[in-house]
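Trainee: Below you will find the structure I want to go over with you.
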Amino acid sequence: MAVAQEHAPQTFISKYVFSTDHKVIGLQYILTALFMGIVGSALAVLIRAQITWPEKALVTPENYISLVTMHGTIMVFFVVSLALVSGFGNFLIPLMLGARDMAYPFLNMLSYWTVVPACLLVLASFLVEGGAAAAGWTAYPPLSALPEAVPGSGLGQTLWLLAMALFIASFTMGGLNYIATILNCRARGMTLMRMPLTVWTYFMSAILGVLSFPPLTAAAIMLLLDRHGGTSFFLPEGLVFGNETLPHQGGTPLLFQHLFWFLGHPEVYVLVLPGIGITFDLLATFARRPIFGYRTSVWSLVVVGFLSMIVWGHHMYVTGMNPYVGEYFSIATVLITAPFAVLGLNLVASLWRSRIRMEVPMYWALGTIAVIGLGGFGGLFLATSISDIYFHESFFVVGHFHLMIGVVTVLSALGGTYYWFPKMFGRKMSVGLAKLHFWTTYLPVVAVFALMHFQGLSGLLRRYYDHTIYEFQEAGIGLALPITILVFVVTGSQLVFIYNFFVSMRRGEVASANPWNGTTLEWTAPSPAPHGNWPGALPVVDRHPYDYDPAAPAEADFKPQGTVA
Amino acid sequence: MSTSGAAPRSPAFGLLFYALGILVVAGFAVGWLPEVSSAHGHGIDRVIRYLLLTTGTLFLVGCLVLGRFILTYGRGAPQEGAVLSERTQLLWAIVPVLLMCAISEVGVLVMALPVFGEVYGEPAEDAFEVEVVGKQFEWLVRYPGPDGVLGEVDHDKVHDSRNPLGLVKSDPAARDDIVLRGQLHLPVGRMSIVSLRSLDVIHSFTVPLFRTKQDTLPGYTAFTQFTPEKEGTFELACAELCGLGHYRMQGTVTVQSEEELAQWLSEQEPWL
């Protein structure tokens, strides 16, 4: 009886710093991501200011491309990955599966404390000579390989590579832990086909991450060797800088691009799938009906995961890769729209004959569905190799990937925060502030990235310090000012969220164990959940995860997935 | 404690998605694409318009259905028969699968494949050949001169001001080569085939109004082909981050008649 509590950590250090409790680690990830998110957003604001008012030359050209590079790196790897995948994943998986903790709690702690130095290295790179890495978040050599090519390719790029190596080590530990936990630590009766879709998406996400990250590790090591060991993995003969020919010979920059995108594309799904999973779970709770097409959703996730591993070349149509190979990648990539459309249909159809309770988390879930549609359809323009000739490196790409790996992920993480906040802290967040936050985030953010699609259609190219010296970019840059104003609104709106988050943690309305009348297992644990998650025995599962009945009386319209003996 | 008070209802939330669908689709329907001025460019624009039409329709329908569901089911009335059989749910999944496979593969295989042939297929017999070399941060253009042959180059001989492409003096074919900075002259109505190289990092040759874009990779020679349709000057830009001067790697493409081009070429001095 109460075995778990007896093992509960007692000291501050073991409870909050070097904790092995998945919930504490999850929150550590989320708070770390929040901090890195503030840095990444500040960089975004500077980028927007420079694009909008180039005549003021707010930053230098070399600092501008450092900003672009570090904004992308920080947001992809140190904000979205950390918050949504590592943060919510850690917090939710054991609770939703009816487990005491992750399969390997110590490995879990190790993975968090491996990513902390990675964050510090990234931040430190702003302070070194030459500035932070400036070869784009994709770090294509030769630009990223040679200090002669750009100032940021000095020590800044080395720190960038070391940070990535640490991040990958951390993320791989996390992914292995997710897979082991999901396969081995489910409560009695929790078959795979009874898992909440959120857990399914973390499962796919972890598999993709573990399979696709190692090639990037290899690429990072090869790039480090090219930079410091005199090798030429990515450097061909005849590179001339300042009238001097470099001694490198025999390598090819295309190899790096293949290794990078072999990770880079699955990474998109590593990030976006959990966002979709969370959206499904929020939707079920507030639509008060079972998810439409649970089985087809699961199989669609599996198919999306598989396809995402064999389509990386669609980032490389105009790079000099054989165009016939590009044609294969084009045909395969657009197939992803089929399982994705099934997910879209199931999301929308989950509202059919529902009885919607319009609580705050539902705002975000509904908002996310429309963004999945907009971002998903935009992908077709880029996946079709012929139209990509025009769109490659334009703002259309910027708008598209921000919608998918930025907006879908962040909206669902915010919705998830409002939804699971009671489980994290035993309190609810302020509804008034939450609504203010939603409206001042959702409308501007969708407008920002829709407008960027229009800019891309008009021909505006990305990563430009100053667009105004080109006639063909005039139409596109005309939209820069409205976009920037909206970005400022969105950024300011997040202050409302941060305030609400920290104030509600201490002073929010006290929440019950199951404040939303949810069915999944985390709601059978106390709020906040104690060490070991359930004070007594673990729950036993006897039904599918979304047993809501919109025909029943409102207060008795759900049956929890499991019962605690 | 269970939820206190009546469940919050806001069916009007559905109007958000009506507005979103209509505004976004209307926004995309504005003619953002700049006027095209190459033969294959019309094909690229056709593919883009096809995708705008099909995905725009689907997005609008999706938003309208989403909005409608929220309006209808946001009122809190109990609903019977919400759960369909597994079989029916499976059958429903076939609809988006067939629809998206059709729309997307028609895009790639029916709409785009003929354009693929124009962009990447065998160049025309009489194609006009020219070399463009990217370096930080300018475009170097080389014409073969009267002998019609591009001479030998050697990267060890590259000197930014004296010999930017490293032409080899001992090669007679190199002695009449014409080298220009940032100016590309091409004939109208005849296919041009541009061979692309880079001296340092990756650049990308793009003339947006021609709908053409091809990276220049160091260590490789890439090719891009297109047929300019109108006389005039067009902007050449770099579309791959190449360093701090990426944004100012500007060039001009002058499209002129065969006679004017021949006249202009005859006035250019060989570099060496």
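Bear in mind these aren't lab numbers, they're just calculated from the coordinates by the rules spelled out. Remember, it's a predicted structure, so these values are computed and weren't measured experimentally. Note that each Cβ is placed from the backbone with ideal geometry, even for glycine, and that neighbours are counted across all protein chains shown.
Trainee: Which GluC sites (Glu not before Pro) does the range A:190-276 hold that lie in a coil by DSSP with at most 15 other beta carbons within 10 Å?
Mentor: Numbers: sites: A:E237, A:E244, A:E267; in loops: A:E237.
Answer in residue order: A:E237.
Trainee: So which residue, out of B:S170, B:S37, B:S257, gets the largest mean-square fluctuation from a GNM of chain B using Cα contacts under 10 Å as springs?
Mentor: Comparing B:S170, B:S37, B:S257 in the GNM, the peak value goes to B:S170.
Trainee: Identify, among B:S161, B:C242, B:V255, the residue whose Cα sits farthest towards the positive end of the charge dipole of the range B:124-267, taking +1 on the Cβ of Lys and Arg and -1 on the Cβ of Asp and Glu, with the dipole about the Cα centre.
Mentor: B:C242
Trainee: Which FRET efficiency, nearest 0.05, do A:L183 and B:T88 yield, Cβ-Cβ r, R0 35 Å?
Mentor: Working: r = 31 Å, r/R0 = 0.89.
FRET efficiency, A:L183 to B:T88: 0.65.
Trainee: Additional query: Ranked highest first by average number of other Cβ atoms within 10 Å, how do B:160-169, A:519-528, A:94-103, A:194-203 line up? Let's see the in-between values first.
Mentor: Values: B:160-169: 16.7, A:519-528: 22.4, A:94-103: 24.2, A:194-203: 26.9.
For the peptides B:160-169, A:519-528, A:94-103, A:194-203, the packing ranking is A:194-203, A:94-103, A:519-528, B:160-169.
Trainee: Tell me which residues come under 5 Å, amide H to amide H, from B:L236 once H is placed; ignore anything under 5 positions away on its chain.
Mentor: B:G251, B:T252, B:V253
Trainee: Just to be sure I understand the model, the point goes 7 Å from the Cα along the line to the Cβ. What's the resulting B:K169 to B:E80 distance in nm?
Mentor: 9.8
Trainee: Right, here's the next one. Once the mean 1/r over all distinct Cα pairs of the range B:1-152 is inverted, what Kirkwood radius in angstroms do you read off? Walk me through the numbers before you get to the answer.
Mentor: Values: mean 1/r = 0.0466 Å⁻¹.
By the Kirkwood definition, the hydrodynamic radius is 21.5 Å.
Trainee: Then there's this: For the range B:124-267, take N as its residue count and report Rg(C-alpha) divided by 2.2 N^0.38 Å.
Mentor: Compared with the compact-globule rule of thumb, the range B:124-267 sits at 0.99.
Trainee: OK, next. Could you work out how far apart the two model spin labels at B:W264 and B:E125 are, taking each label as a point 7 Å from the Cα in the direction of the beta carbon, and quote it in nm?
Mentor: Distance between the two pseudo-spin positions: 2.7 nm.
Trainee: State which entries of B:K169/B:K230; A:K435/A:K559; A:K56/B:K230; A:K23/A:K559; A:K15/A:K435; A:K15/A:K428 exceed 31 angstrom in Cα-Cα distance in the structure shown. The partial results should precede the final answer.
Mentor: On the way: B:K169/B:K230 37 Å; A:K435/A:K559 29 Å; A:K56/B:K230 37 Å; A:K23/A:K559 25 Å; A:K15/A:K435 33 Å; A:K15/A:K428 23 Å.
From B:K169/B:K230; A:K435/A:K559; A:K56/B:K230; A:K23/A:K559; A:K15/A:K435; A:K15/A:K428, over 31 Å: B:K169/B:K230; A:K56/B:K230; A:K15/A:K435.
Trainee: Along its principal axes, what span do the Cα atoms of chain A show, with the longest given first and each in whole Å?
Mentor: Between the extreme Cα coordinates on each principal axis of chain A lie 78, 47, 46 Å.
Trainee: Let me ask you something else. How compact is chain B by the rule of thumb for globular proteins, expressed as Cα Rg over 2.2 N^0.38 Å? Let's see the in-between values first.
Mentor: Numbers: Rg = 27.6 Å, N = 272, 2.2 N^0.38 = 18.5 Å.
Rounded to two decimals, the normalised Rg is 1.49.
Trainee: Any idea what angle helix B:13-29 forms with the longest principal axis of chain B, computed on alpha-carbon atoms, 0 to 90 degrees, nearest 10?
Mentor: Helix B:13-29 sits roughly 20 degrees off the main axis of chain B.
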